[in-house]
Amino acid sequence: MGSSKIKSLTARQRALALAQRFRKIYPDAHCELDFGNPLQLLIATILSAQCTDKRVNMVTPALFKKYPDARAFAKARPATFESEIRSTGFFRSKTKSILGACQAIVFKHAGKVPDSMEELCALPGVGRKTANVVLGNAFGKNEGIVVDTHVIRLSQRFKLTKNGDAEKIERDLMKIVPQRDWTLWSHWLIWHGRRRCFARKPDCANCEVFALCPSGRIFLRKGEAKKA
């Protein structure tokens, strides 16, 4: 596909074409946080803020064994919990969010993680991004699109949005990506961002969706892409 043809595509046409390609490129794309139930995913997602999934997955096994349910987390001693999650960074604010969310889950939801956007976002320390992760991956509900740093970067490079704010980008994407693919869309962009479309020196020469990317040729021409 030539550069003129790429430019002629609307954002929706490009998104649909990308979805078709990504479905084949990453058939096993999934959330890379380890979890066994909605509560564990909620905890892991809060811990993943400004932290790698790999690091979170190193911390959570012992955490989930010691605290098997929301009631156990709700009763945790803050100082002890802080030391247990220290390696994930921002441990004080994460402790406040996790223990506060679990206390609310116990007292307002009988110990069960709620499965609606409104109720999840009402939990202490839980915003729309975290709620989208839990709804899409633990409950199979496509109520929104997870927008993290990878999704922001790739959405801009693919010219699917002109915005830099996560919530505005999510709204833009929800208009052009079929709802059935909202959860997968985030996985596809995150996987591609981690494996090919790096923040610095993207691997444009080997990119499987280079033909659909308005930015690839620019990166190559300016020498900003990884050398082949």
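Quick check, is ALA19 assigned by the TED database to the domain that holds LEU173 and of a type in the set (A, V, I, L, M)? Considered against the rule, which asks whether it is assigned by the TED database to the domain that holds LEU173 and of a type in the set (A, V, I, L, M), ALA19 comes out as yes. The helices (runs of 4 or more DSSP H) found wholly in the range 121-228 and carrying at least 2 residues that are in contact with a Ser or Thr (Cβ under 9 Å, 6 or more places away or on another chain) occupy 128-138, 149-157, 166-176, 182-195. Under the condition of being free of Cβ contacts under 8 Å to residues at least 40 places away in the same chain and in contact with a Gly (Cβ under 8 Å, 6 or more places away or on another chain), the residues counted in the range 90-122 number 5. Taken as a whole, the condition of being buried (at least 22 other Cβ atoms within 10 Å of the Cβ), at pLDDT 95 or above and over 20 Å from the mean Cα position of the chain (by Cα) does not apply to THR130.
Right, MET117: among the hydrophobic types (A, V, I, L, M, F, W, C), out of contact with any strand residue (DSSP E or B) (no Cβ under 6 Å at 6 or more places or on another chain) and modelled with pLDDT of 95 or more or not? In short, yes. Within the range 90-115, can you find the residues that are part of a loop (DSSP other than H, G, I, E, B) and within 18 Å of the chain's Cα centre (by Cα)? Correct list: ASP115 only. When you check THR45 against the structure, is it in a helix (DSSP H, G or I), touching a residue at least 60 places away in the same chain (Cβ under 8 Å) and surrounded by 15 or more Cβ atoms within 10 Å (Cβ to Cβ), yes or no? So THR45 passes the test. Kindly establish whether ASP181 is touching a residue at least 40 places away in the same chain (Cβ under 8 Å) and either surrounded by fewer than 23 Cβ atoms within 10 Å (Cβ to Cβ) or of a type in the set (A, V, I, L, M) (or both). Here the answer is yes, as ASP181 does meet what is asked.
The values are calculated or read from the model by the stated rules, or taken from the named source; none is laboratory data. Here the structure is a predicted model, which is why all the values come from computation and not from measurement. Virtual Cβ from ideal backbone geometry, glycine too; neighbours counted across all protein chains shown.
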